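K.L.:
Before we start, here is the structure in question, set down as structure tokens.
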């Protein structure tokens, strides 16, 4: 049974993460088209993902959702919404939330990433007293960096050669967005 609907954007809906979402979430650490750009260093088995899912999704200070599209936007699945990725904001009970998101590769380039990010950022600012949101992207992840910049995030730091990914050291670029900038 899918999780409870929490909020919706133009094309995506957010629902709670449930135990049956473990195979979807596992793809973020197994599929190289997602895992390298997302920064997952280690493969996680389905059993490992199932074990860690509750801690990740239900941890205090975390707002974690499965992003879905309605059946008419996902051909071949007319009976329900189709999960397309995940959105999370950690430390929402503090001064600055940390944003992370990913989409399944078959949904890249369709505008879902922007809608998912806008929906999630709006949700965080409406429901939590954070002063700002921080996000990171690797230097090679031009799509994510461009998305963050188009939403008003400003590059505030770069950690040079911070992570060994797929055979090379890569820079991590950090971005911030303040509440007043989002609401302004």
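K.L.:
Based on what the data block shows, is residue 129 touching a residue at least 24 places away in the same chain (Cβ under 8 Å) and closer than 25 Å to residue 8 by Cα?
P.N.:
So residue 129 fails the test.
K.L.:
Residue 132 - would you say it is in contact with a helix residue (DSSP H, G or I) (Cβ under 9 Å, 6 or more places away or on another chain) and more than 29 Å from residue 20 (Cα to Cα)?
P.N.:
Yes: the conditions hold for residue 132.
K.L.:
Any residue at all in the stretch 29-37 that is surrounded by 18 or more Cβ atoms within 10 Å (Cβ to Cβ), part of a loop (DSSP other than H, G, I, E, B) and at pLDDT below 70?
P.N.:
no
K.L.:
Based on what the data block shows, is residue 57 at pLDDT 70 or above, in a helix (DSSP H, G or I) and closer than 23 Å to residue 98 by Cβ?
P.N.:
Spelling it out, it is not the case that residue 57 is at pLDDT 70 or above, in a helix (DSSP H, G or I) and closer than 23 Å to residue 98 by Cβ.
K.L.:
Can you tell me which residues in the stretch 68-83 are closer than 9 Å to residue 12 by Cα and either buried (at least 17 other Cβ atoms within 10 Å of the Cβ) or at pLDDT below 60 (or both)?
P.N.:
68, 69, listed by residue number.
The values are calculated or read from the model by the stated rules, or taken from the named source; none is laboratory data. Predicted, not measured: the structure shown is a model, and the values here were computed from it. Cβ coordinates were reconstructed from backbone atoms using ideal geometry, including for glycine residues, and neighbour counts include every protein chain displayed.
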